[in-house]
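Encoded as structure tokens, the structure appears first; notes follow it.
The values are calculated or read from the model by the stated rules, or taken from the named source; none is laboratory data. Everything quoted here is computed from the prediction, not taken from an experiment. Cβ: placed from backbone, ideal geometry, glycine included. Neighbour counts: every protein chain shown. Just the protein is used for accessible areas: all its heavy atoms, side chains included, with ligands, DNA and RNA removed. Shrake-Rupley method; radii C 1.70, N 1.55, O 1.52, S 1.80 Å.
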Amino acid sequence: MKFIKAMMVCSIFIAAFALGSCKKEKYISRDTSGLKPPPPVDTTKPPVVDTSVVIDNADKLDGWSSAGDPSLATTGQKEGTGYIKNSIKAGSDFMQFIKTLPAPVNTKVSLTTGELEFWFYVQDVSLLKLDGQIQFSSSGDPDKNRIGWAMDKIIPTLKNGWNHLELKFIDGQTTSDGGPDLKAMNFFKMFFWSAAKATADQQYGIDDIRVAAVPPPADVVIDNCDSKDGWSSAGDPMLATSGQKEGTGYIKNNITSGNDFMQFIKPLAAPINTNETIATGELKFWFYVQDVSLLKLDGQIQFSSSGDPDKNRIGWAMDKIIPTLKNGWNHLELKFSDGQITGDGGPDLTAMNYFKMFFWSAAKATSDQTYGIDDVRVGAKP
């Protein structure tokens, strides 16, 4: 009997063990179907390429001098591993940062296209005097072959903490010896004062000095061609609302069968400042041609500030433009410097008010031929 009971206990134990070993072990789920995937990479925009030229990354004290010994801070920098730091001490009122470069640096820009950029740290802007200068030189000397920017124009723009200064060369003052050789820059200096003797140490710092090309200004729209208002043509122009290159429409017309002439004219409601010069600007617009082979090498594109196509005008001959065209839409980019200006001094580019384009077909049209204009604007030439 004892043997039977012992056998029964063993059987129960074995059965329990077997059931336990058959129990499914629970694991943390690895199902990621509920997680949001990362957003796709935007391939529609070109990557931003940094073409700036480093003057000094301020990661070392080498070559730096100041009002008293500068120090290298390795926390709180805006770039790299550190920044150049110093303080106007209690009882003092002057600070300067000077960097003599070990070798000349080619900035790869001109006085009209470049700017000096760097980070400037100010503990308390309210304590600064409106005096001093930032100097950038190719002579190793702050007073020769230099471009400079007065601090009285810069200080009112500052805030407490880090400030990113972007100083356009065209806004600076150059020395009378011809200014800097931007292909061989070798000296940077910044100096300024506090308005009164400091009652406590005031911290200042500089980081990441470089030269960059100034971003081109935004184009100035002359007419977006989304409305017929003000437009005239050879016959009534039409507003097409499909197939446009910009906005909601374009100005369209036909050389109809039996005819050979077309023009598009737009007097502007108010004069427009193009923000460009003859040397720097260009007129840009889209031009639709159904069949380029039918065009005569004649006509002109005219842009005026007198409200008249024959006064204060710049013009471009169609015989130079037509051979470059293809059937369909063409983006014309007409440099002002390539145009012909009238003998009255040409256009006032700060007050442009008239656009005209005219041309002919080589023979009378045997069927309607469509032409169109869209998005007339002025921008900086490349």
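Laid out as a table, the results:
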item	result
Qualifying residue in the stretch 317-331 (condition: among the charged types (D, E, K, R) and touching a residue at least 40 places away in the same chain (Cβ under 8 Å))	no
Matching residues, the stretch 136-153, being within 26 Å of ALA196 (Cα to Cα) and out of contact with any Phe, Trp or Tyr (no Cβ under 7 Å at 6 or more places or on another chain)	GLY148, TRP149, ALA150, ASP152, LYS153
Filter pass, LYS144 being under 26 Å from PRO102 (Cα atoms), open to solvent by 20 Å² or more (accessible area, probe 1.4 Å), basic (Lys, Arg) and more than 29 Å from the chain's Cα centre (by Cα)	yes
Boolean, THR256 is closer than 25 Å to ALA362 by Cα and hydroxyl-bearing (Ser, Thr, Tyr)	yes
Residue match in the stretch 253-266 (condition: surrounded by 14 or more Cβ atoms within 10 Å (Cβ to Cβ), touching a residue at least 24 places away in the same chain (Cβ under 8 Å) and over 19 Å from PHE359 (Cβ atoms))	no
Residues that are of a type in the set (Ser, Thr, Tyr) and either over 22 Å from the mean Cα position of the chain (by Cα) or at pLDDT 95 or above (or both), drawn from the stretch 278-313	TYR288, SER293, SER304, SER305, SER306
Qualifying residue in the stretch 91-100 (condition: among the small types (Gly, Ala, Ser), modelled with pLDDT under 60 and surrounded by 10 or more Cβ atoms within 10 Å (Cβ to Cβ))	no
Residue among SER337, SER361 that alone is among the small types (Gly, Ala, Ser) and more than 18 Å from ILE255 (Cβ to Cβ)	SER337
Single match in SER139, SER176 (criterion: surrounded by fewer than 16 Cβ atoms within 10 Å (Cβ to Cβ) and outside any strand (DSSP E or B))	SER176
Any chance THR241 is among the polar types (S, T, N, Q), in contact (Cβ under 8 Å) with a residue 40 or more places away in the chain, open to solvent by 60 Å² or more (accessible area, probe 1.4 Å) and farther than 30 Å from THR81 by Cβ	no
Residue tally, condition over 17 Å from the mean Cα position of the chain (by Cα) and open to solvent by 60 Å² or more (accessible area, probe 1.4 Å), over the stretch 187-220	6
So SER65, is it touching a residue at least 12 places away in the same chain (Cβ under 8 Å) and outside any loop (DSSP other than H, G, I, E, B)	yes
Residue check for ILE88: surrounded by 20 or more Cβ atoms within 10 Å (Cβ to Cβ), in contact (Cβ under 8 Å) with a residue 24 or more places away in the chain and farther than 25 Å from ASN186 by Cα	yes
Considering residues of the stretch 103-136 that are within 22 Å of the chain's Cα centre (by Cα) and aliphatic (A, V, I, L, M) only, the residue least open to solvent (accessible area, probe 1.4 Å)	LEU116
